[in-house]
1. Could you report the accessible area of SER128 in Å², rounded to 10, computed with a 1.4 Å probe on the protein chains as they sit in the structure?
2. Can you pull the Rg over Rh of the chain, Cα-only, Kirkwood?
3. Rounded, prolate or oblate: which fits the range 24-85, taking a ≥ b ≥ c as square roots of the Cα gyration tensor eigenvalues, rounded meaning a/c under 1.5, else prolate when a/b beats b/c?
4. Of the cross-linked pairs LYS23/LYS94; LYS17/LYS220; LYS23/LYS230, which ones have a Cα-Cα span greater than 24 Å in the structure shown?
5. Could you check the simple spin-label distance between GLN237 and GLN287, using points 7 Å along Cα→Cβ, in nm with one decimal?
6. For a test of the definition: using alpha carbon positions, the gyration tensor, and the 1.5 limit on a/c, classify the range 44-167 as rounded, prolate or oblate.
7. Suppose all protein chains stay in the model; what accessible area per residue would a 1.4 Å probe give for the chain, in Å²?
8. Calculate for the chain the 222 nm mean residue ellipticity that helices alone would give, adding -39,500 (n - 2.57) per DSSP H run of length 4 or more and normalising by residue count, nearest 500 deg cm²/dmol.
Amino acid sequence: GTQVSACWIIGAGPSLKALRPEKRRAIETVPAGRMAMNLAGRGDDGQGWLLKPNMWTCYDTTARFSRSIFNDPSIAKFVRAARYADLIPEGTEKVCDCPNTWFIDSEYRKYANFFDPTADAVNDSLDSFIQALDVAFLLGYREVYLIGTELRITPSPAQVARAEEHGVSYPTLMEDGRASDRLLHFAEAYAKARNMTLKEACDDLERCDREDQYAFPERKAFSDAVRCDKHYFDRVQYLRLARRNLSLNGLKIVSCTLGSRMNTWFEYREPEQVVAEMLERYGDPRQEDSKGRYTQRPY
């Protein structure tokens, strides 16, 4: 049958930092694509890459990202065309001066054509993760494996303990009896229990030991984390609603991230199992012999 190309999509979630180094190195050995977005793949400041991509994309202004990415010719960069004349961070070069950089147009799509193999532009869902998925799809990848993509922000143990003092749990019990893992519902319930505005509740929870937001040290205000978590939730629903389109286009999305919101709607698999199957499918460079390659007779 026709060989299907595979690509890892590297997210910025704290789980990437928790992944053991040998697991991250195993992912880098596989003959497969590695697409990151924004600052995904980085670890603690001074550490450099946790998992280095060979492809990268961003949605926001380029000043938010890394100078080394733009200057690295080993990373193919897919940047929105409107940003071609942006200056790279801490440099005087424009993005269009940087090596191995490709400019993309974007368009809004409905669920029926969320992924479109005939498209001349990339899906604009106001989101770098969906942009990365669509770039990978348009490059020809039909299996994508998500690593470091929790697509949720979980309150810290200290924040949960503070809320529990006032009768608020996490996940948060809603009025209809359902439990919600949305940070907005947690903050709203805490605000109600304390007779506070939502802003006051967020400010109060920000004074606790903070929640982990990324695998690197950057951290937004708690109120911004609430909005970010809502954005993640909504984009997961976009992909859920587009599953028929994914199926018709032969695009398989597999989560390799424990605790990801994607796991409710898409298959979850252990990254070690995926690595082993990829090495079996595509070839393992550590198991391939060079002796005799040039000297053996072809027949």
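1. About 20 Å², ignoring ligands and nucleic acids.
2. Radius of gyration relative to Kirkwood radius: 1.01.
3. oblate
4. Pairs exceeding the cut-off: LYS23/LYS94; LYS23/LYS230.
5. 4.5
6. Taking the square roots of the gyration eigenvalues as a ≥ b ≥ c, the range 44-167 is oblate.
7. Heavy-atom accessible area per residue stands at 51 Å².
8. Dividing the helical sum by the residues of the chain leaves -9500 deg cm²/dmol.
The values are calculated or read from the model by the stated rules, or taken from the named source; none is laboratory data. Just so we're clear, the structure is a prediction, and the values are computed from it rather than from any experiment. Cβ coordinates were reconstructed from backbone atoms using ideal geometry, including for glycine residues, and neighbour counts include every protein chain displayed. For accessibility, only protein heavy atoms count, side chains too; no ligands or nucleic acids. Shrake-Rupley method; radii C 1.70, N 1.55, O 1.52, S 1.80 Å.
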